[in-house]
Amino acid sequence: MIRRVFGWTGVEVPVIGQGTWMIEGSREAERRAIEALCTGLDLGMTHIDTAEMYGSGRAEELVAEAIAGRRHEVFLVSKVLPSNASYKGTIAACERSLKRLGTGWLDLYLLHWPGRYPIAETMRAMEDLVAAGKIRHLGVSNFDLGELQAAERALKRERIACNQVLYHLGDRGIERRLIPYCQSRGIAVVGYSPFGHGDFPSPRSAAGRTLAEVAERHGRTPRQTVLNFLTRQPGVFSIPKSSRSQHTRENSAGAGWSLDPEGLAAIGGAFPAPDHDVPLGML
Ligand code: NAP
């Protein structure tokens, strides 16, 4: 899996990582999901995204099983819930995540979405977590441009490393202002739900057919083509979720090659970006 620099941090992170929302379930489903995460790690998909919210902590426990013995390979990301994001609440939530993940540090810790606590309070807690060595970098998720700038202004010692936001073919709003702004500031953009959270373009629709044709011409699958398209810009990453090794293998081949200009134009035309600024989409 090819890597690219994660914004100003200089850390090299795989272009395609692994999401973990909804990986919990029956023991059999969980065993399969852990196996898929391990397959991904073997393929270099070492950016693992989780959150205290996912399965109320269960996803973090499953990640712990997947990364056991290979923590140093992983770029591990978790998130604090806005309802926990007071100063003390953020520190305590991070401690709980570390415990569930069986690790002493996170590579990146994010505020899951803007909430009721003043952003300066949450950012102060995150800066103190960096100082304590509990997290390497801090960032936000689901922050639109103005909210992101407010978070940047609230920081005293650290810088925002990442904004994790919704980005799939049906929701390209971030291409207008958010991606260019993040690129200008060296803030990594991590696009979530690249397959529309299960609402993948049907090959029966005209746009889905275009996607399938472009994919076929490149000798790739539609999902690989989507991941390639979504990560075509520098500083942009994608974190598909898969709970099957076979899916993970397919997704891992979404990077390391380039769509030709005709393919880019065809996908861009079939799934157009908005022609005016739109509020940030969120799941
Ligand atoms: P997604 O990645 O867009 O889609 C996941 C769905 O696609 C699952 O049903 C999965 O099935 C299926 N899939 C994956 N690879 C496939 C393949 N090669 N062939 C066929 N089906 C495939 O959805 P998501 O989970 O919403 O987003 C990804 C990650 O982003 C999350 O897991 C989470 O870590 C993160 N996220 C963050 C936020 C936030 O607010 N920050 C919000 C949403 C998501 P199987 O499970 O059966 O493989």
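The values are calculated or read from the model by the stated rules, or taken from the named source; none is laboratory data. Remember, it's a predicted structure, so these values are computed and weren't measured experimentally. Note that each Cβ is placed from the backbone with ideal geometry, even for glycine, and that neighbours are counted across all protein chains shown. The area values use the complete protein model at the heavy-atom level, side chains included, leaving out ligands, DNA and RNA. Shrake-Rupley method; radii C 1.70, N 1.55, O 1.52, S 1.80 Å.
What residue, of Ala66, Ala29, Ala36, is in contact with a His (Cβ under 8 Å, 6 or more places away or on another chain) and over 30 Å from Tyr117 (Cα atoms)?
Working: Ala66 fails: in contact with a His (Cβ under 8 Å, 6 or more places away or on another chain); Ala29 fails: in contact with a His (Cβ under 8 Å, 6 or more places away or on another chain).
The conditions single out Ala36.
Does any residue in region 129-143 that is assigned to a strand (DSSP E or B) come within less than 9 Å, Cβ to Cβ, of a residue that is among the hydroxyl-bearing types (Ser, Thr, Tyr) and open to solvent by 10 Å² or more (accessible area, probe 1.4 Å) six or more places away or on a different chain, and which pairs are these?
Arg136/Thr9; His137/Thr9; Ser141/Tyr192
If we scan region 93-116, do we find a residue that is farther than 30 Å from Ala207 by Cβ, within 16 Å of the ligand (Cβ to nearest atom), touching a Ser or Thr at 6+ places or on another chain (Cβ under 8 Å) and aromatic (Phe, Trp, Tyr)?
yes
Exactly one condition in (1) away from the ligand (no atom under 13 Å from the Cβ); (2) open to solvent by less than 10 Å² (accessible area, probe 1.4 Å); (3) β-branched (Val, Ile, Thr); (4) closer than 23 Å to Ala125 by Cβ is false for Val13; which is it?
It is condition (4) that Val13 fails.
When only residues in region 198-208 that are part of a loop (DSSP other than H, G, I, E, B) and out of contact with any Leu (no Cβ under 6 Å at 6 or more places or on another chain) count, which is surrounded by the most Cβ atoms within 10 Å (Cβ to Cβ)?
If we filter region 198-208 for residues that are part of a loop (DSSP other than H, G, I, E, B), which is where we start, we get 198-205.
Then drop every residue that is not out of contact with any Leu (no Cβ under 6 Å at 6 or more places or on another chain), which leaves 198-200, 202-205.
Values: Gly198: 8, Asp199: 10, Phe200: 17, Ser202: 11, Pro203: 14, Arg204: 7, Ser205: 11.
Only one residue fits best here, namely Phe200.
Evaluate the following for Gly19: is it buried (at least 16 other Cβ atoms within 10 Å of the Cβ), within 14 Å of the ligand (Cβ to nearest atom), under 24 Å from Ile179 (Cα atoms) and touching a residue at least 40 places away in the same chain (Cβ under 8 Å)?
Numbers: buried (at least 16 other Cβ atoms within 10 Å of the Cβ): yes; within 14 Å of the ligand (Cβ to nearest atom): yes; under 24 Å from Ile179 (Cα atoms): yes; touching a residue at least 40 places away in the same chain (Cβ under 8 Å): yes.
Yes, satisfied.
Can Glu52 be described as touching a helix residue (DSSP H, G or I) at 6+ places or on another chain (Cβ under 6 Å), within 15 Å of the ligand (Cβ to nearest atom), of a type in the set (Asp, Glu) and within 20 Å of Val165 (Cα to Cα)? Don't jump to the end; show me each part of the working.
Values: touching a helix residue (DSSP H, G or I) at 6+ places or on another chain (Cβ under 6 Å): yes; within 15 Å of the ligand (Cβ to nearest atom): yes; of a type in the set (Asp, Glu): yes; within 20 Å of Val165 (Cα to Cα): yes.
When the stated conditions are applied, Glu52 passes them.
Between a residue in region 82-99 that is closer than 13 Å to Pro118 by Cβ and any residue that is of a type in the set (S, T, N, Q), which pairs come within a Cβ distance under 9 Å, given they are 6 or more apart or on different chains?
From region 82-99, the pairs are Pro82/Thr122; Ala85/Thr122; Ser86/Thr122; Tyr87/Thr122; Gly89/Ser83; Gly89/Thr122; Thr90/Asn84; Thr90/Thr122.
Considering Glu95, Glu52, Glu60, Glu73, which residue is among the charged types (D, E, K, R) and over 19 Å from the mean Cα position of the chain (by Cα)?
Values: Glu52 fails: over 19 Å from the mean Cα position of the chain (by Cα); Glu60 fails: over 19 Å from the mean Cα position of the chain (by Cα); Glu73 fails: over 19 Å from the mean Cα position of the chain (by Cα).
Selected residue: Glu95, the only one of Glu95, Glu52, Glu60, Glu73 that is among the charged types (D, E, K, R) and over 19 Å from the mean Cα position of the chain (by Cα).
Out of the residues in region 250-270 meeting the condition of being outside any helix (DSSP H, G or I) and within 13 Å of Arg232 (Cβ to Cβ), tell me which one is most open to solvent (accessible area, probe 1.4 Å). Walk me through it before giving the result.
Here is the first cut: in region 250-270, the residues outside any helix (DSSP H, G or I) are 253-260.
Right, trim to within 13 Å of Arg232 (Cβ to Cβ) and you get 254-260.
Values: Gly254: 0, Ala255: 18, Gly256: 59, Trp257: 40, Ser258: 96, Leu259: 15, Asp260: 42 Å².
The selected residue is Ser258.
So which residues in region 234-249 are open to solvent by 50 Å² or more (accessible area, probe 1.4 Å) and not in a strand (DSSP E or B)?
Looking only at region 234-249, we keep the residues that are open to solvent by 50 Å² or more (accessible area, probe 1.4 Å), and these are 234, 241, 244, 246-247, 249.
Within region 234-249, Pro234, Arg244, Gln246, His247, Arg249 meet the criteria.
Which condition breaks for Asn163 when tested against (1) in contact with a Gly (Cβ under 7 Å, 6 or more places away or on another chain); (2) more than 14 Å from the ligand (Cβ to nearest atom); (3) of a type outside the set (A, V, I, L, M, F, W, C)?
Checking Asn163 against (1) in contact with a Gly (Cβ under 7 Å, 6 or more places away or on another chain); (2) more than 14 Å from the ligand (Cβ to nearest atom); (3) of a type outside the set (A, V, I, L, M, F, W, C), the one that fails is (2).
Looking only at region 118-136, filter to residues that are away from the ligand (no atom under 16 Å from the Cβ) and of a type outside the set (A, V, I, L, M, F, W, C); which one of those is surrounded by the fewest Cβ atoms within 10 Å (Cβ to Cβ)?
Among those that are away from the ligand (no atom under 16 Å from the Cβ) and of a type outside the set (A, V, I, L, M, F, W, C), it is Gly133.
Which residue is nearest to Ala150 (Cα to Cα), if the candidates are limited to region 112-128 and must be in contact (Cβ under 8 Å) with a residue 40 or more places away in the chain and either outside any helix (DSSP H, G or I) or basic (Lys, Arg) (or both)?
Trp113
Read through the list (1) more than 28 Å from Arg3 (Cβ to Cβ); (2) assigned to a loop (DSSP other than H, G, I, E, B), then give the number of the only condition that Met45 fails.
Of the numbered conditions (1) more than 28 Å from Arg3 (Cβ to Cβ); (2) assigned to a loop (DSSP other than H, G, I, E, B), the odd one out for Met45 is (1).
Would you pick out the residues in region 148-191 that are under 27 Å from Val226 (Cβ atoms), open to solvent by 20 Å² or more (accessible area, probe 1.4 Å) and not in a loop (DSSP other than H, G, I, E, B)?
His168, Asp171, Glu175, Pro180, Tyr181, Gln183, Ser184, Arg185
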